Structures are given as C-alpha cells and as structure tokens.
Amino acid sequence: MLGSVVVGLGIAGCVRMRDLAAPLPSSAAEKLSLRGFVSRRTLEDQQSVEQITMAEALSRADIHVAFICTENTNHEESIRQFLEAGKHVCVEYPMTLSYTSAVDLWNLAQQKGLVLHEEHIELLTPDYKQLKKDICGRTLEKGTLHFTGGPLKPNFGFPSFSGISRLTWLVDLFGELTVTATSLVEEKENKYMKMTAHLLTQQHKPLTWIEERGPGLGRVKRIDLHFQDGTISELPAGQREPVGLFMQDQVLFGRKLQGDVSAAELQAERSRILHCLELADRMQQLSGGAQA
Ligand code: NAD
C-alpha cells in the first residue's frame with residue numbers, strides 16, 4: 001500500500017479525499033491508502049484521517065504519494081517539494097503555469113524514479129469520449145471551441161492555463177497545433193475577461209479557442225466543428241458511466257504506480273501535456289504577457 005496525503009481541501013481536494021477513503025474495488029486505486037491531509041485552515045478529521053503539516057507530509061516515511069489540489073499558482077512549488085522528498089505526485093491540471101517549469105519538474109521526477117501524474121478528467125467525461133468517437137476518421141476544415149463560465153477565482157493563472165482542459169480537448173482531437181494570434185479583453189471592474197486564441201492544425205486548418213468569463217455567464221462549452229462531410233455544432237451526450245471522473249483518474253494514477261502503463265503511453269501523454277503547456281505559454285506571450 002502507498003500512503004497518501006491530499007494537499008488543499010477545496011472542491012477537487014474533497015473529492016480526492018472521498019475517493020481515497022473508498023477506492024474502486026479490485027482496481028489499481030486500491031493501492032493508495034489515505035493517511036492525512038494538509039490545509040491552510042485548521043480542520044477536524046476528514047474521512048477519518050487527521051490534518052498534518054506540510055513538513056510532516058514531506059518527512060513521514062509512511063507517506064509515499066501526494067495529491068496536489070491547491071490553486072494553480074501553488075502547484076509548482078508543492079510538486080517540487082514532494083519530488084525532492086522522494087514522493088510520487090498526482091497534481092490537478094494545470095501542472096504549472098509555465099512550460100519550462102513543467103519540463104524541469106518532469107526531469108526531476110525521472111531522475112528520482114518517481115511518478116508525476118497530471119489529472120485530466122476532461123478527457124474522461126462521457127460527452128468527450130462520444131465526441132472523440134464521432135470525429136474519428138473525419139477531415140477537419142475549421143472549428144471553434146467557446147467556453148463560458150463565471151468569474152475566475154484568484155490564483156488560477158492566465159486563461160490559457162486555467163482553461164487548459166479546453167486546449168487539451170483540441171490537441172487530443174486534432175493533434176499538435178500552432179498558435180498564430182491571441183488577444184485578451186479584460187474589464188477588471190466588471191470581473192469580465194475574454195481570451196481568443198487562433199490556432200492552426202498540422203494540415204493548416206484554423207481552430208479558434210475562446211475562454212470567456214464574467215458574472216452571469218453559464219458554464220457552457222459550445223463547439224462548431226466543420227468537416228469535409230458535415231458539421232458538429234453540439235456536444236453529443238455520451239453514455240453515463242458508473243465510475244466517477246476523479247476515480248477513473250485515480251485508477252490511472254494507481255496503474256502508473258504499479259508500472260502497468262506502457263512506456264509508449266506515458267511518452268504520448270507527457271508529449272501532449274507539455275505541448276499544451278507550451279501553447280498556453282505562447283498564448284500568454286502573444287497577448288503581451290498580461291495577467292488575467
Ligand atoms: P478550490 O479553490 O475549491 O480549492 C483550492 C484549495 O486549496 C482551497 O481550499 C485553498 O484554501 C487550498 N490551498 C491553497 N493553497 C494551499 C496551501 N499552500 N496549502 C494547503 N491548502 C491550500 O479550487 P478547486 O476547484 O478545487 O481546484 C483546485 C485544483 O484542481 C486547480 O488546480 C484546478 O485547476 C484543479 N481542478 C479542479 C476541478 C474541479 O472540478 N473543481 C477539476 C479539474 C481540475
């Protein structure tokens with residue numbers, strides 16, 4: 001068994017605590033056993049385990065794995081600390097807020113022989129899985145992905161990083177992309193922002209990614225994808241699954257810890273993640289390095 005600690009008890013951290021306390025039976029998730037949690041607040045026991053300090057989490061011999069579920073600005077430092085302390089890490093996306101720091105951390109994990117896993121539950125949703133099936137084998141002509149949502153909380157980074165799950169969809173569906181232009185409209189007083197990024201596929205087909213956030217904007221993803229043989233303008237409704245998204249991710253992480261994921265699969269995943277972070281970096285640069 002690998003003793004685990006959860007750092008940051010927000011929305012994601014609480015789901016991690018719940019799933020670690022009751023892993024999917026007969027799955028690789030059972031390899032992980034919850035030993036404690038770290039929070040900035042002082043909290044009572046959660047899921048029958050107690051709050052510990054960061055120093056304890058880093059030094060305790062019975063803790064082998066850390067789940068980093070804090071705001072994005074904090075990920076890089078926490079990952080580095082746990083890797084330096086010889087612990088495996090599962091971090092909620094995005095791993096970091098720069099491409100170079102992610103490369104650095106991945107190299108550190110490799111040197112130490114540790115698993116560094118970045119969660120991507122957006123690739124596990126039934127609707128996404130169905131969309132991927134519907135698109136398979138079709139030739140893209142042009143497309144748009146427009147996300148809207150409420151104002152972003154502080155410390156989640158530039159929109160190309162905080163919205164990396166949308167970018168990951170585009171890369172997972174259409175392969176490596178090039179950024180040609182990015183613009184950012186920001187009205188701080190109205191808590192409104194809109195990032196528009198223009199991308200090209202390797203076949204030089206245009207894709208537009210829009211992240212728009214502001215008060216009263218519903219959490220919605222709109223797609224408009226044109227193929228040689230037709231158009232998809234609504235997300236398909238996939239078949240609901242009995243296993244939750246974070247649990248599916250925990251099973252994948254558990255399989256990595258057991259050495260059950262092939263080197264080719266790990267390499268493909270690493271390339272995709274780093275490519276997305278590199279694109280996100282480029283978008284931030286092209287928009288003048290502004291901080292949304
Ligand atoms: P959240 O704001 O609800 O939770 C963040 C928590 O981290 C807060 O409770 C905060 O107090 C705590 N925290 C911050 N710094 C800390 C520190 N140094 N030590 C201990 N605790 C600290 O945010 P969230 O929605 O749970 O998102 C957390 C991470 O999960 C983000 O990286 C986000 O991108 C990712 N994520 C979230 C979801 C989701 O459904 N909410 C899905 C996928 C990925």
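Before moving on, here are some points about what is shown:
- The range 103-162: number of residues that are basic (Lys, Arg) and either within 13 Å of the ligand (Cβ to nearest atom) or buried (at least 18 other Cβ atoms within 10 Å of the Cβ) (or both): 1
- Within the option set Leu9, Leu58, Leu43, Leu20, being closer than 15 Å to Gly254 by Cβ and aliphatic (A, V, I, L, M) holds for one residue only, Leu20.
- Among the residues of this structure, Glu92 does not count as one that is within 13 Å of the ligand (Cβ to nearest atom), more than 16 Å from the chain's Cα centre (by Cα) and at pLDDT 95 or above.
- Counted residues, the range 214-251 - those being touching a Lys or Arg at 6+ places or on another chain (Cβ under 8 Å) and within 16 Å of the ligand (Cβ to nearest atom): 3
- Selection within the range 67-89 - surrounded by fewer than 21 Cβ atoms within 10 Å (Cβ to Cβ), under 16 Å from the mean Cα position of the chain (by Cα) and closer than 17 Å to Val6 by Cβ: Glu71, Asn74
- Flag for Phe147 being under 18 Å from Ser233 (Cβ atoms) and in contact with a helix residue (DSSP H, G or I) (Cβ under 7 Å, 6 or more places away or on another chain): yes
- Qualifying residue in the range 186-193 (condition: over 16 Å from the mean Cα position of the chain (by Cα), modelled with pLDDT of 95 or more and closer than 22 Å to Tyr128 by Cβ): no
- Total residues in the range 264-287, condition in contact (Cβ under 8 Å) with a residue 60 or more places away in the chain and of a type in the set (Ser, Thr, Tyr): 1
- Exactly one residue out of Thr208, Thr168, Thr180 is within 16 Å of the ligand (Cβ to nearest atom) and in contact with a His (Cβ under 8 Å, 6 or more places away or on another chain), and it is Thr168.
Okay, residues lined up against (1) within 21 Å of Cys276 (Cβ to Cβ); (2) of a type in the set (D, E, K, R); (3) touching a residue at least 40 places away in the same chain (Cβ under 8 Å):
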position	(1), (2), (3)
Thr196	yes, no, no
Gln203	yes, no, yes
Pro206	yes, no, yes
Ser233	no, no, no
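- Looking only at the range 252-269, and only at residues there that are over 25 Å from Gly3 (Cα atoms) and among the hydrophobic types (A, V, I, L, M, F, W, C), the one that is surrounded by the fewest Cβ atoms within 10 Å (Cβ to Cβ): Ala264
- Hits in the range 67-83 (condition: more than 8 Å from the ligand (Cβ to nearest atom) and of a type in the set (Ser, Thr, Tyr)): Thr73
- In the range 14-24, the residues that are within 16 Å of the ligand (Cβ to nearest atom) and out of contact with any Ser or Thr (no Cβ under 8 Å at 6 or more places or on another chain): Cys14, Val15, Arg16, Met17, Arg18, Asp19
- For the range 25-54, filtered to residues that are more than 16 Å from the ligand (Cβ to nearest atom) and among the acidic types (Asp, Glu), the residue that is surrounded by the most Cβ atoms within 10 Å (Cβ to Cβ) is Glu30.
The values are calculated or read from the model by the stated rules, or taken from the named source; none is laboratory data. Note that the structure is a prediction, hence the values are computed from the model and not measured. FYI the Cβ positions are ideal-geometry reconstructions off the backbone, even for glycines, and counts take in every protein chain you see.
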